[in-house]
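Colleague: The structure follows.
Computed from the coordinates by the stated procedures, all read-outs in this text should not be read as laboratory data. Predicted model, so just to flag it, every value in this text is computed and none were measured. We place every Cβ from the backbone using ideal geometry, glycine too, and count neighbours over all the protein chains shown.
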Amino acid sequence: MSPRWMNFKEVDSLEVYHAFHTNAKGIFVADSLYFENEYLINSEGFRDSAFVRDSSRESVLFLGDSYTWGSMAEPISRCFTEQVEQAGYNAYNTGIPGADPAQYLRIAQEYIPLLKPTHVCLMFYAGNDFISRTRPAEPGKNIFYVTNAGWLSPYINNTYVNSPYEVYTYYRQKYFIGKETPLWKRILGHSAAGTLALSIPLRLQERKEWQKDTGVALKYVQAIKQLCDTHQAAFHLFIIPLHTALNSHLIEDYQTVFGEIPVYIPDSISTNDFHPWPNGHLTNSGHDRYARYILKTLAATTSSPLVIEK
């Protein structure tokens, strides 16, 4: 009875992958040992080279999730962040799969004063960045457990559970009908109609828990912009729309949500720029489209001429 969007499945034996973890600063980062044969992970825990300032270039700090990490860019150098680097900017990529506005703000608080970027690009994914509640970025508390049963949120009924095995057991008992399930539920579960009836209360609960609250996201975005203003960094809010909700008035829709903060979405974005459901990440054409649009936007707000030809 688990919902498709959750990507949760029952497994014979739970395996926990230590690909990502929350560090002592409350930032969800990648584990360099886990990815040593696949990606370069810098000392800060991000898929990037060392964060070294180059005064001859304007610098761009990217905030985002798996889209900014570069998921599904083939090769990874086709990722829009790396294309911006190749175009002559010094790009800092802090995109981490599973990150959300709470993490974006925590990363901004840590790295804007440290790196002093010329530009900050928040790559806001409309599919899941409209979170339903605020969450403190707490040291050592993961925002997901990465397992062979799926990416499991450790927050159950707003309480942090410090064991991926307990979290898995909770979801397994919630969504699967087993020997420990009451007899009447097992009887209903023998038919599709009965299973559907059992799932209805769960879906109503999930709808309430995952209801998008644009006001929560707006507060995080406003806090990041204020931080940029304080440190004299140009702030750019790029929206990556949900690939199943593309329409001709995306800009107007999201501009209504974010008010006075300008939103940017590439022109003529289409389903060809996204992998189909349930993946939904950008294709190479999508990464190319965002790279060109980001560069166009940065060029329009450049504070000083680049010394490197683009």
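Colleague: How many nm is it between the label spots at Arg292 and Asn279, if each spot is 7 Å from the Cα in line with the beta carbon?
Modeller: Each label point lies 7 Å from its Cα, and together they span 2.1 nm.
Colleague: Now for a separate question. Quick one: how many lysine pairs in the chain have C-alpha atoms under 12 angstrom apart, if they're 8 or more apart or on different chains? Before the final figure, lay out the partial values.
Modeller: On the way: Lys9/Lys174; Lys25/Lys141; Lys174/Lys185; Lys296/Lys310.
So the count of such lysine pairs works out to 4.
Colleague: Per DSSP H run of n ≥ 4, the term is -39500 (n - 2.57); total these for the chain, divide by its residue number, and report the mean residue ellipticity at 222 nm rounded to 500 deg cm²/dmol.
Modeller: -10500 deg cm²/dmol
Colleague: Got a sec? How would Phe20, Phe46, Phe124 order by Cβ neighbour count within 10 Å, fewest to most?
Modeller: Result, fewest neighbours first: Phe20, Phe46, Phe124.
Colleague: Same structure, new question: Based on the Cβ-Cβ distance of Ala245 and Ala300, what FRET efficiency does E = 1/(1 + (r/R0)^6) give at R0 = 41 Å, to the nearest 0.05?
Modeller: With a Förster radius of 41 Å, E is 0.90.
Colleague: Test of understanding: ordering Glu252, Glu260, Glu82 by Cβ neighbours within 10 Å, fewest first, what list do you get?
Modeller: Glu260, Glu252, Glu82
Colleague: Okay, next question. Return, ordered by residue number, the residues of segment 157-177 whose backbone nitrogen is under 16 Å from a label point located 7 Å along Cα→Cβ of His190.
Modeller: 177
Colleague: Could you give the nm distance between label points at Ser49 and Asn162, where each point is 7 Å from its Cα heading toward the beta carbon?
Modeller: Here the modelled spin labels are 4.1 nm apart.
Colleague: Just rank Arg53, Arg78, Arg292, Arg47, fewest to most, by other beta-carbon atoms within 10 angstrom.
Modeller: Fewest-to-most ranking of Arg53, Arg78, Arg292, Arg47: Arg53, Arg292, Arg78, Arg47.
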